[in-house]
Amino acid sequence: MTNNLLFDFTVDKTKKTVYITREFDAELSLVWDAFTKQELLDQWLAPKPMTCKTKYQDFKVGGKRFYAMVSPEGQERWAIQEYTSITPKTNFKMYNAFADKDENPELHGSEWDHTFSEENGTTKVSISIYNESLERLERILDGFTQGMKMALSNLENLLTTLSKK
Amino acid sequence: MRRDIFQAIADPTRRAIIALIALQAMTPNAIADNFNTTRQSVSKHLRILTECELVKQEQQGREIYYSLEIDKMKEIDQWLEQYRKIWETRFNQLDNVLSTIKKQKK
């Protein structure tokens, strides 16, 4: 599928922040649901071949979503999101931290800010992700590890194929 | 003895160790807690990773912490490029979810 929808991805290392902007060919309320309802989030948040499963979600200020990214081998990487601010269909903020399977969060997390706007049936979502330490920005970005593991396993497959020749 | 990076990542346990310490610096014991294997086996893997210069050790008090040698792995921009690709994939998946829902509504 080709489209002309905007996709912008920038990193400000000095501000320890990643900025992502994307347009979607759908009305705002639908896009809002896709970002805030677990049954929809679980359908797209994990880059294939990973899958995403939400154990529970309570979308309100102070509420949490406890979820895991699951690798094809069944390895689970749990994380907790706590909603810190919600302005329906306009903006929501959350604090994201990796956790163990018993919901014990790791020390450092990241702060996520999502802003939604609609124009002529196209919905724009702007996300900023602030990481508490630069090290985090470089190492702990959500999905980062999985991405690296995938890349490494792809590399390994390639090497295996090459070495068989 | 110098080893190469391919040897470092050829083993699934070492790949898992890299993934773990990519998240934060860890002691050998903390790393070993994540595996159904002996502390000695983890130490061996850490030694190989160290020889490949993929991880570095840092003494903090009485503990030694292992962390990922990012520069050696790849330039940060290449890492971020991967992260960007993950978001690209995610959003393409979201496009599909949205278009499916829109069709159902009609």
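General observations
- Label separation (B:Glu58 vs A:Glu73): 2.7 nm, computed from points 7 Å beyond Cα along the C-beta direction.
- Put a plus charge on the Cβ of each Lys and Arg, a minus charge on the Cβ of each Asp and Glu, and nothing anywhere else: the dipole of the stretch A:5-122 about its Cα centre is then about 240 debye.
- Extreme residue, positive dipole direction of the stretch A:37-90, given options A:Val61, A:Gln75, A:Thr90 (C-beta unit charges): A:Thr90
- Counting only Cα atoms, the stretch A:59-120 measures 43, 26, 18 Å along its principal axes, largest extent leading.
- Mean per-residue shielding of peptide A:47-60 is 1, counting Cβ atoms of other chains within 10 Å of each Cβ.
Coordinate-derived values only; no laboratory data. As the structure is a computational prediction, the values presented were derived from the model and not from experiment. Every residue, glycine among them, receives a Cβ derived from its backbone with ideal geometry; neighbour counts consider all protein chains shown.
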